[in-house]
1. From the residues in region 142-174 that are of a type outside the set (A, V, I, L, M) and in contact (Cβ under 8 Å) with a residue 24 or more places away in the chain, which one is surrounded by the fewest Cβ atoms within 10 Å (Cβ to Cβ)?
2. Within region 83-101, work out how many residues are free of Cβ contacts under 8 Å to residues at least 60 places away in the same chain and within 12 Å of the chain's Cα centre (by Cα).
3. Say we look at region 80-108 and pick out the residues that are more than 19 Å from Pro138 (Cα to Cα) and small (Gly, Ala, Ser); which of these is surrounded by the most Cβ atoms within 10 Å (Cβ to Cβ)?
4. When you go through Ile146, Ile137 one by one, which is the residue that is modelled with pLDDT of 90 or more, within 19 Å of the chain's Cα centre (by Cα) and in a helix (DSSP H, G or I)?
5. Which condition does Ile77 not pass, out of (1) surrounded by 20 or more Cβ atoms within 10 Å (Cβ to Cβ); (2) assigned to a helix (DSSP H, G or I), if it passes all the others?
6. For region 121-136, enumerate the residues that are within 20 Å of Glu20 (Cα to Cα) and in contact (Cβ under 8 Å) with a residue 12 or more places away in the chain.
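The values are calculated or read from the model by the stated rules, or taken from the named source; none is laboratory data. What you are looking at is a predicted structure, and each value in this text was computed from that prediction instead of being measured. Using ideal geometry, Cβ is built from the backbone for each residue, glycine included, and neighbour counts are taken over all protein chains shown.
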Amino acid sequence: MTNSDSRLTKKDRPTPIDQEILIPDEEVLISVTDPKGIITEVNDVFCEVAGYSTEELVGASHNVIRHPDMPKVMFKIVWEHIKDRENVMALVKNLAKDGRYYWILTDFVTKVNASRQVVNYTAYRRPICKDVQNAIIPLYKALNAIEDVAGMETSEKFLNEYLENKGMTYDEMIEDIIVKHCKKAAVLGFGNNTEDDMKTMSPEKKQSLFNKLFGIK
């Protein structure tokens, strides 16, 4: 583990550059954090894409890879889910050590002990296609603009109203975007009446669908 005085923090984040890192479809970036969000484990793929060594990442906060294009309210939603022991997915733009960016679907899984106390959080990140990126970017830009002017509380209010107008929860919105804009979904028989399909689908079938979409074995 890195010395506490030399741990990476958000102050160590590089200046972003407009260059994307393309991740092969089969790759999965994995990290494990303690209940406070401090990284305890990472896999080799995560290090390779992010550009950091294991020694640099272990002991650091996850916010070292946070891209400024990501609205703060989205991370608030994720933390609310995982602190409630709920698994949650998020579409995330991350920042690599050299300033480049990469888009992933992150599936957060909370591990608890017999007393239902949080042991750790594991994040499984898989690459997403351009169509999925383009579907979420306008919302993220709007939320960022609101946060810059009026703060996160106002952006959260905007997001809640946005979801209410769509008649969706946050989880349903993410599922809807992925299924509507992931080309593999059409091959699997999805794409028409997506909202009805996702809302009536059992959790087991949803998990099976996403496993197929992202090549999870």
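1. Glu172
2. Qualifying residue count, region 83-101: 4.
3. Residue satisfying both the conditions and the ranking: Ala96.
4. Ile137
5. (1)
6. Tyr124, Arg125, Arg126, Pro127, Ile128, Cys129, Asp131, Val132, Gln133, Asn134, Ala135, Ile136
Residues are listed down the side, and each one gets a yes or a no for (1) of a type in the set (Lys, Arg); (2) within 30 Å of Gly151 (Cβ to Cβ); (3) in contact with a helix residue (DSSP H, G or I) (Cβ under 7 Å, 6 or more places away or on another chain):
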| residue | (1), (2), (3) |
| --- | --- |
| Asp12 | no, yes, yes |
| Pro24 | no, no, no |
| Asp69 | no, yes, yes |
| Trp79 | no, yes, no |
| Lys83 | yes, yes, no |
